[in-house]
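Okay, structure first, notes after.
The values are calculated or read from the model by the stated rules, or taken from the named source; none is laboratory data. Treat the numbers as computed from the prediction; the structure is a model and nothing was measured. No Cβ is skipped: glycine too gets one built from the backbone with ideal geometry, and neighbour counts run over all protein chains shown. Remember, those area values only see protein heavy atoms, side chains included, never the ligands or the DNA or RNA. Shrake-Rupley method; radii C 1.70, N 1.55, O 1.52, S 1.80 Å.
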Amino acid sequence: MKKDKENPKNDGSYTAKDIYVLEGLEPVRKRPGMYIGTTSSEGLHHLIWEVVDNSIDEAMAGYAKNITVELFPGNKVTVTDDGRGIPVETHAQTHRSALETVLTTLHAGGKFGGKSYKVSGGLHGVGVSVVNALSENLQVKVCRDEGLYFQEYKRGKPVAKVKKIGKCGHSGTSVTFSPDPEIFPKIEFEDKKIINRLRQQAYLTKGIRINFFDWRDKPSVYGFNFEGGLLSFIRYLARDEKPLQEETFYVSKEADKVSVEVSFTYVDKTETEELSFANTIFTPDGGMHLTGFRSALTRGLNNYARHEGYLKEKDENLTSDDVREGLIVVVSVKIPDPQFEGQTKSRLGSPEARAAVDTVVSESLQEFLDKRPSEARRIIEKVLLAAKARKAAKAARETVLRKGVLEGLTLPGKLADCSSRNPEESELFIVEGDSAGGSAKTGRNRRFQAILPLRGKILNVEKSRLDKMLANNEIRSLVVAIGTAISENFNIENARYHKVIIMTDADVDGAHIRTLLLTLFYRYFKPLIEAGYVYVSQPPLYRVQSGKDWRYAYAEAQKDEAVAEFQKNKLAKQAKKEPKKEENISEPELAEEGEENSTKGIVIQRYKGLGEMNPAQLWETTMDPEARILKKITIDDAAVADHLFDVLMGEEVEPRKAFIQTHALRVQNLDI
């Protein structure tokens, strides 16, 4: 925090008259999803984003330089900034303190009048009042006009009026809140999610300092300050990639009252990474600003390629997909009164953003390419290769995914399909090898369970283009069996199964096959994961038997518990038969795996592969919906997932080596 007199911009223009009231607060608690999207983890963290975004707005307006976020035990969060401080004087419209008005009234804030903030993260008078409504307790402290003011709220209602509790020689706002367990079924803040978000904000607001303190189990501290802005952001995103450009593209200009900042680079991979922001608010679904960038990039590279003779007159134009292959780009706009689609601001709908970004990028891209012919050549060669691969992939798709195939008339011969034609109840088990496939086919419920055995390890799609991928028999069978088609032809409505279950052995080879399949699903069937259709089975590792009684164990600890239980029961029976006989009982030794210890009478069978189970065992442990354990595959953070797939499955060796060295000691029970 800092003194008001030290900030020449703090001229007193932000006062109670700048708070515009539009409407009530009670609906928030009744329908929280309308305001924060969901009451799951995403909605819980959205509370932090709303408070932090208010502080970011102060920074963008030139009044704040430092923001601190703190997590405390008991799910308490504090966000502090050194901005001007929320006004505390009486508001003319509500006859209450402006501070209380902002925190208890929907659509009340300094962003509505257009004077206190030139740009902001949307209509965030909604945000802070919603946080208050969904918090069990919220406390706010304001340093303003040399006074320290305080007010407390319980579930959105003030406990008392705003009080002046002391003096302070600086300005700023501190908000502390505890999410309401009546609203959120699970309250558990994730430090990585918060760190990633704060890092993004620091990149997007040059010169700002954001500190994060986690005071929970293992206290940790992070600080973010990036003078390079988006250039630093691009370097971070491309940190483990092989760049094709020596110089990163960067432009920061204003067009039609819209501030545009764009930076991009090309790297040696086939995936695209696009991040877009409006007034520092992350827009995961893109919007007009991203559309404007794509249009400018496609048109600009086509014009350059034709002018320089890379594209001949008879050649067709490069497509948007061609020019975006291997692209890492960040598009950031700052715009007065942005129009977002949805309360969580996932997509920007302001048409003026499209025109501004298109204009700025078009002009700067032409200059960039003309001044750096070697850079331009590498970029054009990259996109021309992508165009060639696209045409080859299209031919491959047309060969594999003919109309009859898509309609299910020519399913792969190795597929043992189910009789049901209702996708909602149908399950596809992807099984490793013919042996396990045979057991699964015999043990399954034929009405709703289909089996597709795969031979060996499928192609690593992270290192292969689509045309080569579709030439692989195993992948081709899988694509046809699922029925959604692939790439630009993908249509989730055609999915033949709403449960696609990866069922591999519980060993290193099985884990590798599982990883290859997950890479395939993430890169080419991501909507299936997002819809919750992809699962991984959890077969048991052991079968522990004593006499006619047995247990299945899915982990080492469960095996040990089963053995101890059987041993205890055996000793209890012996004690009943010989109650007067005294014995010195030492810790029993476990039977050798797969062999019976005649003294102890316990047999431990280690399943090294699914094929070792007979059909009945496979059904009762791994396939029976009433007894099986399935792990649903989800994507909590797409950017992190994308980066991990690049590191672990991509071409570059050094990042993978560093990852393995860092995390090797965390691996337990590695079965080689």
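List of remarks:
- Fraction of accessible area attributable to carbon and sulfur, the range 224-320 (%, probe 1.4 Å): 45
- For the range 307-318, backbone phi angles converted through the Karplus equation (6.51, -1.76, 1.60; θ = phi - 60°) give residue-by-residue couplings of 5, 8, x, 5, 10, 8, 4, 7, 6, 6, 5, 5 Hz, Gly and Pro being listed as x.
- Reported to the nearest whole Å, the Cα centre-to-centre distance from the range 527-574 to the range 221-254 is 49.
- Where Cα atoms sit under 21 Å apart: lysine pairs in the range 164-266 separated by 8 or more or lying on different chains: 5
- In the context of the full set of protein chains, the range 143-267 has a per residue accessible area of 50 Å² (1.4 Å probe).
- Average accessible area per residue (Å²) across the range 287-397 - probe 1.4 Å, nucleic acids and ligands excluded: 44
- Karplus (6.51, -1.76, 1.60) ³J(HN,Hα), θ = phi - 60°, over the range 75-87, in Hz, Gly and Pro reported as x: 6, 9, 10, 10, 10, 10, 9, 10, x, 6, x, 5, x
- 5 angstrom amide H check on residue 25, placed H, neighbours 5+ away: 106
- Within the range 171-272: Cβ-based charge dipole about Cα centre, in debye rounded to nearest 20 (Lys, Arg +1; Asp, Glu -1): 180
- For residue 96 and residue 182, a Förster radius of 30 Å and the Cβ-Cβ distance give a FRET efficiency of 0.70, rounded to the nearest 0.05.
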